[in-house]
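Participant: Quick one: this structure, given as C-alpha cells, is what I'll be asking you about.
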Amino acid sequence: MYGSVQQSGRRTRAIGLVTATALTVGFGYVLAEGMNLDIMPKENTAMEMVIITPPVVPPVEEIKPVEVPEVDVAPAAPELVAPDIPFEIEVPPVVIAPVVEAAPIPDPVPAAPAPAVGTDRVAPKLRAGDKPAYPAASIRAHEQGTTHLQVCVNNAGRVTSVTVAKSSGSSRLDDAASKWLRNERFAPGTIGGVAQSMCGHDVFYEWNLKDA
C-alpha cells in the first residue's frame with residue numbers, strides 16, 4: 001500500500017511540473033505581445049501629412065423681402081337712406097258756380113198769315129193731354145167748380161195769354177187751371193183754311209172731387 005501511494009505522488013509531481021512550465025511559457029508570450037517587445041523585426045513605416053483645404057462655399061445672397069405696394073382701397077359708399085318726407089295732397093277748393101236759370105225760350109214769332117181764301121172760320125182746338133193736378137188744399141177744403149178761361153193761340157198752336165173769364169169759386173182752382181192751360185198745345189184756328197192767331201177762345205174746365 002505504501003508503494004502505490006509513493007508511485008502516485010511521483011506521477012502527480014511530474015504532471016504539475018509540466019503544467020507549470022507550459023503556463024510560464026504562455027504567460028511570457030502574452031506579456032511580450034502586450035508590451036510590444038521586439039521579438040520580431042518591424043518594418044520601417046513613413047508618415048505622410050496631407051493638408052486638406054476646405055471647399056470654398058459661395059456667399060449666400062441675402063434674399064430681400066418683396067415690397068408689396070400699398071393699394072388704396074376706396075371706402076365703401078355709405079348707404080343712402082331716403083328721408084321720410086311727408087306728402088300733403090292739396091285739395092283744390094270746391095268752386096260752386098252759381099246756378100244760372102235758363103232763360104225762357106221765347107215763342108216763335110208767328111209767320112204772317114197767308115191771305116184767307118173764303119170766309120169760313122174754325123176756332124182753335126185743345127189737343128188731348130194731361131189733366132191739371134187737383135190742389136191738395138182744395139181737396140181738404142172740398143172745393144170744386146168750373147173755371148171759365150179765355151186764351152189767345154197763335155198760328156203755331158201755342159198759348160200766348162190766359163185770362164180767367166169766370167171763377168170756379170176758388171182762387172186755388174182758378175190758378176191751377178190757368179197754369180195748366182199755358183203749357184198745353186192747340187190746333188191753331190184757321191180762316192179760309194189758313195192758320196191764324198186767334199184770341200178770346202173760351203175754355204171751360206170743371207173741377208170735380210170725384211176726379212181728385
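The values are calculated or read from the model by the stated rules, or taken from the named source; none is laboratory data. Please read all numbers here as calculations on a predicted model, not as lab measurements. Cβ: placed from backbone, ideal geometry, glycine included. Neighbour counts: every protein chain shown.
Participant: Would you be able to tell me the number of residues in the range 150-183 that are out of contact with any strand residue (DSSP E or B) (no Cβ under 6 Å at 6 or more places or on another chain) and closer than 17 Å to ARG127 by Cβ?
Facilitator: Total satisfying the criteria: 4.
Participant: Also: Name the single residue that is nearest to PHE186 (Cα to Cα) among those in the range 149-159 being out of contact with any helix residue (DSSP H, G or I) (no Cβ under 9 Å at 6 or more places or on another chain) and either of a type outside the set (Lys, Arg) or at pLDDT 95 or above (or both).
Facilitator: GLY157
Participant: Please specify each residue of the range 157-212 satisfying the condition of being closer than 23 Å to ILE139 by Cβ, in a strand (DSSP E or B) and not β-branched (Val, Ile, Thr).
Facilitator: Correct list: LYS166, PHE204, TYR205, GLU206, TRP207.
Participant: Let me ask something additional. Working only within the range 128-142, note down all residues that are in a loop (DSSP other than H, G, I, E, B) and over 15 Å from GLU206 (Cα atoms). First the steps, then the outcome.
Facilitator: Restricting attention to the range 128-142, the residues satisfying the condition of being in a loop (DSSP other than H, G, I, E, B) are 128-135, 141-142.
Matches in the range 128-142: ALA128, GLY129, ALA141.
Participant: Scan the range 149-204 for residues that are crowded, with 18+ Cβ neighbours inside 10 Å, touching a residue at least 60 places away in the same chain (Cβ under 8 Å) and within 17 Å of GLY129 (Cα to Cα) and jot them down.
Facilitator: PHE186, PRO188, VAL203 - these are the residues of the range 149-204 that are crowded, with 18+ Cβ neighbours inside 10 Å, touching a residue at least 60 places away in the same chain (Cβ under 8 Å) and within 17 Å of GLY129 (Cα to Cα).
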